[in-house]
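Everything on this sheet refers to the single structure shown next.
The values are calculated or read from the model by the stated rules, or taken from the named source; none is laboratory data. Being a predicted model, the structure only gives us computed values, none of them experimental. In this analysis, Cβ positions are derived from the backbone assuming ideal geometry, glycine residues included, and neighbour counts consider all displayed protein chains. Keep in mind that these areas ignore ligands, DNA and RNA; they rest on the heavy atoms of the full protein, side chains included. Shrake-Rupley method; radii C 1.70, N 1.55, O 1.52, S 1.80 Å.
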Amino acid sequence: MDSTRTIPKLFEDTVNKYHNKTALIFYDKEITYQELFALSSQFVLFLQARNIKPGDRVAFLLPNCPQLVIGYLGALRAGCVVVSLNPLATTGELTEMLNQAKPKLLVTLKDFHHHNAVLYHTRPYWTEMMVIGLDDYLPWYLKPLYRLKNLRNGLPGKTFKWRDIFKPRDWFAPVNVQPSDLAVLQFTGGTTGTSKAVMLTHSNLVNNTLQAMGSVGDAITPGSVLMGAIPFFHVYGLSVCMNIALAQGCLVVLTPRFNAKQVIRLILKHRVTIFPGIPRMFSVMLKEREFDKLKKSWLGLCFSGAGALDGEVKREFETRTRAIIVEGYGLSETSPIVSINPLFNGKSGSLGLPVAETKVKVVDGELLISGPQVMAGYWEKPQETAEVLSQDGWLATGDMARIDDDGFLWLTDRKKDLIKTRGENVYPSEIEKVLTQYSGIQEAAVVGVPDRDLGEKIVAFVTPIPMFRGRLKELNSQEIVKFCGKHLPAIKIPSCVIAVDELPKNLLGKVLKKELRKLFIQMTQNSP
């Protein structure tokens, strides 16, 4: 691995090799590596003019767009720490994140007018705001429509605009960024508890980028074209798409949000060769009428992460496109990649093999990780850090797993999802698997809720298959409980089954079980 380079150095090396090569395409707007370097330099100048210094935080509340890539590179070149914020978070959650990170600058999109109005008044008083629009890099024929849509999305008081980075200034003072310096604060923990900011260093990110590329060999080259549909505000998109592209000199086709039909058309139009995605993206794309056109596309390699990919979805996608889907596993705390399936002779459904210089072991059923990609800790949370990160560098993942004879990792459950009922441990995934075998159920999520007698009681939430949508009553909860009784021991049978139209999920498709617990409490409080 490389303990000498930083993200800015990685980027500068690529610019020197491929300065005239196109780095980004956004709605037909092309930006070369040399232009990307110049634009990020302008952002450095802006930060230094605002007296934003090395070590200060710069937060981004943006979808995938040129300003996010430019700002990310500029902030890191200025020695600052990038704070990645999820636009799908609530304003309360975002306010808490800003209070934790205390950024000197928040760059946000004018489309997020509700968030922006609240954050303008609740942000730390020293946090300045820059409100940008996608029209800065839209083609001329889309600018009027976008501006009309956002005509009233202004904010009271002073905020900066993107054009402010281009004001004439002296050349910036170069910053000596070290591999051990903090690069990114990545918030995590939102699916099960209070968000924490993972501290990722330049060394973490550079090494994980090299680990990912090493696992797929020559499958990623400077001639590769990556589909940038996975959000870059999540560390999966940041590392597996943006950082890999910046390291290799690849072209990234950006889209601000995932739309299956549009993504298919972009893959065809720009001859995309690599598509990092999540399971939901692959399954949704299969349903599009234009999907079979991908069989004649240049698409050859897909990455799937952030959850288990259904085996049938994988087989159908690969058959109909002739592309290979490589499944992997990672955490925000590991930059994120821990393991990747080999391009050939992998094991579908497994987490794959650990990437280079990564050690794994299972202790009391829990997977522990050690390697150069493991985080420095949680921002200003020493107790929470000590709970998961040992002094000798072993990270407790919170995932229950096993390692087979060939060294492949297999996920069995989430430790945090563990239900303690009647003094026994119950893993929700086992119950969820049985529930989805019941005719009429498409998805299931099982949670434990406090109970005076049992410790926790088991509550199942289920969604109907499409033909039952709007007819939730046809899912008879008592019949479902009886069905579980035929396939599970008594201690694992749900106390109740609740049918809902859909399960609350984050942008990466993970079920927000804390929201389900809140929903159950609300339902019981409102019941007569």
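General observations
- Qualifying positions in region 421-445 - open to solvent by less than 80 Å² (accessible area, probe 1.4 Å) and part of a helix (DSSP H, G or I): P428, S429, E430, I431, E432, V434, L435
- Which numbered condition L45 misses (of (1) of a type in the set (A, V, I, L, M); (2) open to solvent by 10 Å² or more (accessible area, probe 1.4 Å); (3) assigned to a strand (DSSP E or B)): (3)
- Residues that are surrounded by fewer than 20 Cβ atoms within 10 Å (Cβ to Cβ), part of a helix (DSSP H, G or I) and in contact (Cβ under 8 Å) with a residue 24 or more places away in the chain occur at least once in region 49-72.
- The lone exception for F233 - which of (1) in contact with a strand residue (DSSP E or B) (Cβ under 8 Å, 6 or more places away or on another chain); (2) at pLDDT 95 or above it fails: (2)
- Test: residue in region 371-382 that is without any contact (Cβ under 8 Å) to a residue 24 or more places away in the chain and either open to solvent by less than 70 Å² (accessible area, probe 1.4 Å) or part of a loop (DSSP other than H, G, I, E, B) (or both): no
Each row is one residue, and each column tells you yes or no for (1) open to solvent by less than 30 Å² (accessible area, probe 1.4 Å); (2) closer than 23 Å to K505 by Cα.
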site	(1), (2)
T221	no, no
G228	yes, yes
H234	no, yes
L238	yes, yes
A247	yes, no
Q262	no, yes
F275	yes, yes
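- Pair list, Cβ under 7 Å, 6 or more apart: region 158-176 residue among the charged types (D, E, K, R), other residue open to solvent by 50 Å² or more (accessible area, probe 1.4 Å): R169/A49
- In the set (1) without any contact (Cβ under 8 Å) to a residue 60 or more places away in the chain; (2) open to solvent by 70 Å² or more (accessible area, probe 1.4 Å); (3) not β-branched (V, I, T), the condition left unmet by K416 is number (1).
- Verdict on P256 being open to solvent by 20 Å² or more (accessible area, probe 1.4 Å), touching a Pro at 6+ places or on another chain (Cβ under 8 Å), closer than 26 Å to F112 by Cα and not β-branched (V, I, T): yes
- For L24, the stated conditions do not hold, so it cannot be described as part of a helix (DSSP H, G or I) and modelled with pLDDT of 95 or more.
- So D56, is it of a type in the set (D, E) and within 14 Å of W126 (Cα to Cα): yes
- Residue, surrounded by the most Cβ atoms within 10 Å (Cβ to Cβ), within region 334-356, restricted to residues that are touching a helix residue (DSSP H, G or I) at 6+ places or on another chain (Cβ under 7 Å) and either part of a helix (DSSP H, G or I) or hydrophobic (A, V, I, L, M, F, W, C) (or both): I337
- Pairs with Cβ under 6 Å, 6+ apart, first in region 336-362 and farther than 17 Å from R402 by Cα, second in a loop (DSSP other than H, G, I, E, B) and open to solvent by less than 40 Å² (accessible area, probe 1.4 Å): I337/V355; E357/G371; E357/P372
- Given (1) surrounded by fewer than 18 Cβ atoms within 10 Å (Cβ to Cβ); (2) touching a residue at least 24 places away in the same chain (Cβ under 8 Å); (3) at positive phi, index of the condition G393 fails: (2)
- Search result, residues across region 26-42 that are open to solvent by 10 Å² or more (accessible area, probe 1.4 Å) and farther than 16 Å from F172 by Cβ: Y27, D28, K29, E30, T32, Q34, E35
- Of the residues D170, D181, the single one that is modelled with pLDDT of 90 or more and open to solvent by 20 Å² or more (accessible area, probe 1.4 Å) is D181.
- For E96: the one exception among (1) open to solvent by 10 Å² or more (accessible area, probe 1.4 Å); (2) in contact (Cβ under 8 Å) with a residue 12 or more places away in the chain; (3) closer than 18 Å to R57 by Cβ; (4) in a loop (DSSP other than H, G, I, E, B): (4)
- With respect to the conditions (1) among the β-branched types (V, I, T); (2) open to solvent by 10 Å² or more (accessible area, probe 1.4 Å); (3) not in a helix (DSSP H, G or I), V284 falls short on a single one, namely (3).
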